[in-house]
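Let me begin by presenting the structure, written as structure tokens, before commenting on it.
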Ligand SMILES: Nc1ncnc2c1ncn2[C@@H]1O[C@H](COP(=O)(O)OP(=O)(O)OP(=O)(O)O)[C@@H](O)[C@H]1O
């Protein structure tokens, strides 16, 4: 089966520094792949190249076989490739339900006037409630977005990404800045999304137990290069990966000259 995302020779340089270097990567549809690597390995930069926040210096990005390298992040999001922080339309003074409902509405392109039709309104509400359930925010429907905890805000963002019918979810450290008690709930949310079986998830995480629990595959970035990509077991047993993490490989060995 054709990969849902593919990169060829994907490279970005910031001045003299190559942050992502000649990455050839394939993302199978409807799977969860984690991206790991030490701080500064290029994980977030790689995400930004996929989502269109950054333009590649060299190389190409494909979505379902289409070359999207020159497409804006908005156009990519419309195609179904989205990252959580791209959602700038979380209204802090609206409730959880209202925010999700607006996202569902914007996707369904239902015009405001159609709210007059009660059946449409009811459908919107039902879909919003379903998504609030998927991200485990039941009971918080009427909470004001700005008053949610950090973890709950991330859940709301994910619900809105789902409402926009995002096929590929790019989740950049969804547990960052979260209290320890909030982490298992986010793990459950990602599992619940995975269980729906129709989403492709790319996840940047530092929490190894979480990665091993969730991932179908893991890719390792090191100094901007793709060091390895394989099943969790393969990656754990990969000597090069072990060396990289143990500091056995020096930056110069892998750095772009
Ligand atoms: N806009 C930019 N201008 C210059 N250098 C940048 C820019 N963005 C990233 N970099 C550099 O590129 C490298 C990769 O950064 P990136 O944030 O992608 O790493 P990361 O693997 O996500 O790290 P972390 O785990 O700490 O988030 C770093 O050396 C960083 O300083």
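The values are calculated or read from the model by the stated rules, or taken from the named source; none is laboratory data. Since this is a predicted model, take the numbers as computed values, not measurements. Because the Cβ atoms are built from the backbone with ideal geometry, glycine has one as well, and the counts that use them run over all protein chains shown.
Table for the structure above
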quantity	calculated
Residues satisfying the stated conditions in segment 179-206, i.e. part of a loop (DSSP other than H, G, I, E, B), crowded, with 18+ Cβ neighbours inside 10 Å and within 16 Å of the ligand (Cβ to nearest atom)	205
For residue 53: the one exception among (1) touching a helix residue (DSSP H, G or I) at 6+ places or on another chain (Cβ under 7 Å); (2) crowded, with 18+ Cβ neighbours inside 10 Å	(2)
Qualifying residue in segment 13-21 (condition: surrounded by fewer than 18 Cβ atoms within 10 Å (Cβ to Cβ) and touching a helix residue (DSSP H, G or I) at 6+ places or on another chain (Cβ under 7 Å))	no
Matching residues in segment 117-150 - criterion: being more than 23 Å from the chain's Cα centre (by Cα) and part of a helix (DSSP H, G or I)	118, 119, 120, 121, 122, 123, 124, 125, 126, 147
The lone exception for residue 96 - which of (1) touching a helix residue (DSSP H, G or I) at 6+ places or on another chain (Cβ under 9 Å); (2) closer than 21 Å to residue 172 by Cα; (3) away from the ligand (no atom under 16 Å from the Cβ); (4) at pLDDT 95 or above it fails	(2)
Some residue of segment 23-39 being within 11 Å of the ligand (Cβ to nearest atom), farther than 19 Å from residue 216 by Cβ and without any contact (Cβ under 8 Å) to a residue 12 or more places away in the chain	yes
Residue in segment 151-160 that is at pLDDT 90 or above and assigned to a loop (DSSP other than H, G, I, E, B) present	no
Those strands (runs of 3 or more DSSP E) lying entirely in segment 4-56 with at least 2 residues closer than 25 Å to residue 231 by Cβ and over 18 Å from the mean Cα position of the chain (by Cα)	5-14, 17-27
